[in-house]
Amino acid sequence: MKRGMTANTIPSDSASTDGRSVQERRGILFIVSAPSGAGKTTLCKQLVASMPGLWHSVSYTTRKPRVGEEGGREYYFVEEDTFQDLMARHEFLEYAHVYGNWYGTPRKALMDKLEEGVNVLLEIDVQGALQIKKKFEDAVFIFILPPSLETLRERLLSRASDSQEVIQRRLQKVKEEVWSFREYYYIVRNDDLGQSLRELQSIFLAEQLKTKRLDMNWFEQNFIVDRDPKQNQRDPSTTT
């Protein structure tokens, strides 16, 4: 639910003092967007629990916690003065004002994880995703759809955490956002939670195995570099 600021450039690798690569590859940034009530938060929680090494970026917000939410788990809940101070110090990778509240993604923690080679999951709305897309060419963009608009309406009503006015605004926003699906690389229709989770897991695993993400240092060390230089120096005529 956020819009973007300029992102820092992510170095492709780093080196230790002896010149050897410290990490095999940089982390992959996974962007997951969905209309409110589509089940994105539940799916992302289960995904993190089932994918070892995946780090879930937690955003800041000025809205009040809903029943069952905890600070530092769903969001960092802060007062608007604190949020504005963080914004002024350029602490956010992106931020936006949505339905009367501020939302923002902390920059440093996310960038540090990517540089360490850790895969990062970021839940964000369409506006924020489009801004991030301009700066992170290697990011993976996934859009989660509810089965239908009517199903989404029923989910929002059953959640009973928003007024009728807010629900209507959210539904109108859904009609606008769904047309941005072409900007995403994958579409997951969340009709069955178990099936949707399996589809997300497949996407994450496939992206890690793509040829373009192959660690060339590992490849060269295992398939190009001669492990026994003396073997090549021997005269073939003297071998028996």
Could you pull out every residue, at least 5 positions away or on a different chain, whose amide H is within less than 5 Å of the one on TRP55? Hs are placed 1.01 Å off N in the peptide plane, and Pro or chain starts have none.
ASN119, VAL120, LEU121
Backbone HN-Hα couplings from phi across the stretch 171-188 [Karplus 6.51/-1.76/1.60, Hz, Gly and Pro as x]
5, 5, 5, 4, 4, 7, 6, 4, 6, 8, 4, 5, 7, 9, 8, 9, 10, 10
The long-range amide H neighbours of LEU93, using H built 1.01 Å from N in the peptide plane and a cut-off of under 5 Å, are THR105, ARG107
Treating cross-link reach as a plain straight distance, find the lysines whose alpha-carbon is under 18 Å from the alpha-carbon of LYS134, omitting any fewer than eight places away in the same chain.
LYS2
Given backbone amide H placed at 1.01 Å from N, residues whose amide H is under 5 Å from that of TYR76, ignoring those fewer than 5 places away on the same chain, are SER59, TYR60, THR61
The stretch 132-220: which trypsin sites (Lys or Arg not before Pro) are DSSP loop and have at most 14 other beta-carbon atoms within 10 angstrom?
LYS210
Students often forget the sequence filter, so: which aspartates and glutamates lie under 14 Å Cα-Cα from LYS210 once same-chain residues fewer than 8 apart are removed?
ASP138
Kindly write out, for the stretch 60-72 in residue order, the coupling ³J(HN,Hα) from the Karplus curve 6.51 cos²θ - 1.76 cosθ + 1.60 (θ = phi - 60°), rounded to whole Hz, with x marking Gly and Pro.
9, 8, 9, 6, 7, x, 7, 4, x, 7, 10, x, x
Out of the GluC sites (Glu not before Pro) in the stretch 31-80, which ones are loop residues according to DSSP with at most 10 other C-beta atoms within 10 Å?
GLU70, GLU79
The answer for GluC sites (Glu not before Pro) in the stretch 98-127 that fall in a DSSP coil and have at most 16 neighbouring Cβ atoms within 10 Å is GLU116
Starting from the Kirkwood Rh over alpha-carbon pairs, what translational D in µm² s⁻¹ does the stretch 29-209 have by Stokes-Einstein at 10 °C and 1.306 mPa s?
93
Rg(Cα)/(2.2 N^0.38 Å) for the stretch 91-164, N = residue count
1.37
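Quick check on the exposure proxy: order GLU165, GLU183, GLU94 from fewest to most C-beta atoms within 10 angstrom. Let's see the in-between values first.
Numbers: GLU165 8, GLU183 13, GLU94 24.
The most exposed by this proxy come first: GLU165, GLU183, GLU94.
Every number here is computed from the coordinates shown, using simple stated rules; none is lab data. Keep in mind it's a predicted model, so treat the numbers as computed, not measured. Methodologically, a virtual Cβ is constructed for each residue, glycine included, from the backbone with ideal geometry; neighbour enumeration extends over all protein chains shown.
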